1. Which net charge results when you count Lys and Arg as +1 and Asp and Glu as -1 among the other residues whose beta-carbon is under 12 Å from that of G75?
2. If I fit a long axis through the Cα atoms of helix 109-131 and take the longest principal axis of the Cα atoms of the chain, what angle between them do I get, 0 to 90°, rounded to 10?
3. Let me have the relative contact order for the stretch 1-102, percent, based on Cα pairs under 8 Å that are six or more residues apart.
4. Of K56/K89; K66/K93; K64/K89, which ones are farther than 18 Å apart at the Cα?
5. Rg over Rh of the chain, using C-alpha atoms and the Kirkwood radius, what does it come to?
6. How large is ³J(HN,Hα), in whole Hz, for each residue of the stretch 88-99 in order, when computed from phi with the Karplus curve 6.51 cos²θ - 1.76 cosθ + 1.60 and θ = phi - 60°, using x for Gly and Pro?
7. Once you sort the root eigenvalues of the Cα gyration tensor of the stretch 1-42 as a ≥ b ≥ c, which label holds: rounded (a/c under 1.5), prolate (a/b larger than b/c) or oblate (the other case)?
8. Do any trypsin sites (Lys or Arg not before Pro) in the stretch 20-115 lie in a DSSP loop with no more than 16 other beta carbon atoms within 10 Å, and if so, which?
Amino acid sequence: MPAIKHLLFINAKPSSVYEAVTTQKGLSSWWTTKTKADAIIGSVAEFWFSDQFHDKMYIVNLDKNKSVEWECLDGDKEWIGTRIRFTIKPDKKGTKLHFWHYEWKKESDFFASCNYHWGRYMKSLKDYCETGSGDPYQ
């Protein structure tokens, strides 16, 4: 199955990166300002991108300062059933972050567009972790 993959080196502690991808404050600072999220396995995080996109992510797994995994319950039809994983590892200069958005049913124009946008948001995540200022969807 197709997967979107990104690798980032972030000049910040793994705990800071973990907080950025698990807390409402963190997620709303780099992905979308309209976020509802709790760092609790079994909860559902919600993300709004205008009136067109409202994503609901089931929190599958949290391994503090190491990994986060979600399953998309609702959103664009091509996202439903896909999974998103962040793997966080200490690195010489801070953190090595592997990002996957996987279990896509097929590659499509929407898949390609999402790959581009995830790259943009990975840059926003890196900036937020390193400087305290990301570029989330407003």
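Each value in this text was obtained by applying a stated rule to the coordinates, not by laboratory testing. Worth saying up front: this structure is predicted, and the values here are computed from it rather than measured. Positions of Cβ are backbone-derived with ideal geometry, glycine not excepted, and every protein chain shown enters the neighbour counts.
1. Neighbourhood net charge equals -4.
2. Taking Cα atoms only, the helix is inclined about 20 degrees.
3. RCO, the stretch 1-102: 31 percent.
4. K56/K89
5. 0.93
6. 10, 9, x, 9, 3, 9, x, 9, 9, 10, 9, 10
7. Because a/c hits 1.5 or more and a/b fails to exceed b/c, the stretch 1-42 counts as oblate.
8. Those that pass, being in a loop and sparsely packed, are K64, K66, K77, K92, K93, K105, K106.
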